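The structure appears right after this line, and notes come after that.
The values are calculated or read from the model by the stated rules, or taken from the named source; none is laboratory data. These numbers come from a predicted model, not from an experiment. Cβ placement follows ideal geometry from the backbone for every residue including glycine, while neighbour counts extend to all protein chains displayed. Please note that ligands, DNA and RNA were not included when accessible areas were found on the heavy atoms of the full protein model with its side chains. Shrake-Rupley method; radii C 1.70, N 1.55, O 1.52, S 1.80 Å.
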Amino acid sequence: MKEFYTSVVELRQPIKNSFLTEPYECGWANEALFFLTIHPEQADFTQIVVRPKISPDGIHWLDAPGETAVVDKPGMIAIAQSHFGGWLCLELSLSGEAQTAMITLHLALKG
């Protein structure tokens, strides 16, 4: 039987310009699914580039293989990861005049 765990990594977190989410240790999992919500009540950006980051130790980070996601409006997106080290996080880079947003991030792990 597979193990499954969902964690709230960020909850209604205001972000500005560029932001790195809290790292999460998940080396036991075979797959990970980020659910990123951008709340409409604080969304003053043109777009957000969302890039998954991977790490073997939670200290040294590099871009995960694959595509980045681009968000241009509030709402929820899902970002899947299947090949990662022991740790995961997301890097968000905002563009636009004010470059501000509020996010909630869930991480669902299965292994």
Review point. Which ones in region 15-65 are among the hydrophobic types (A, V, I, L, M, F, W, C), touching a residue at least 40 places away in the same chain (Cβ under 8 Å), in a strand (DSSP E or B) and open to solvent by less than 70 Å² (accessible area, probe 1.4 Å)?
Key: ILE15, PHE19, ALA32, LEU33, PHE34, PHE35, LEU36, ILE38, ALA43, ILE48, VAL49, VAL50
Review point. Among the residues of region 76-83, is any closer than 22 Å to LYS110 by Cα, in a strand (DSSP E or B) and open to solvent by less than 30 Å² (accessible area, probe 1.4 Å)?
Key: yes
Practice item. Mind listing just one residue for me: the one in region 85-99 that is open to solvent by less than 30 Å² (accessible area, probe 1.4 Å) and assigned to a strand (DSSP E or B) and, of those, nearest to ASN17 (Cα to Cα)? Key: LEU94
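So if I check each of LYS73, LYS2, which one is assigned to a loop (DSSP other than H, G, I, E, B), open to solvent by 30 Å² or more (accessible area, probe 1.4 Å) and under 24 Å from GLN99 (Cβ atoms)?
Exactly one residue qualifies, and that residue is LYS73.
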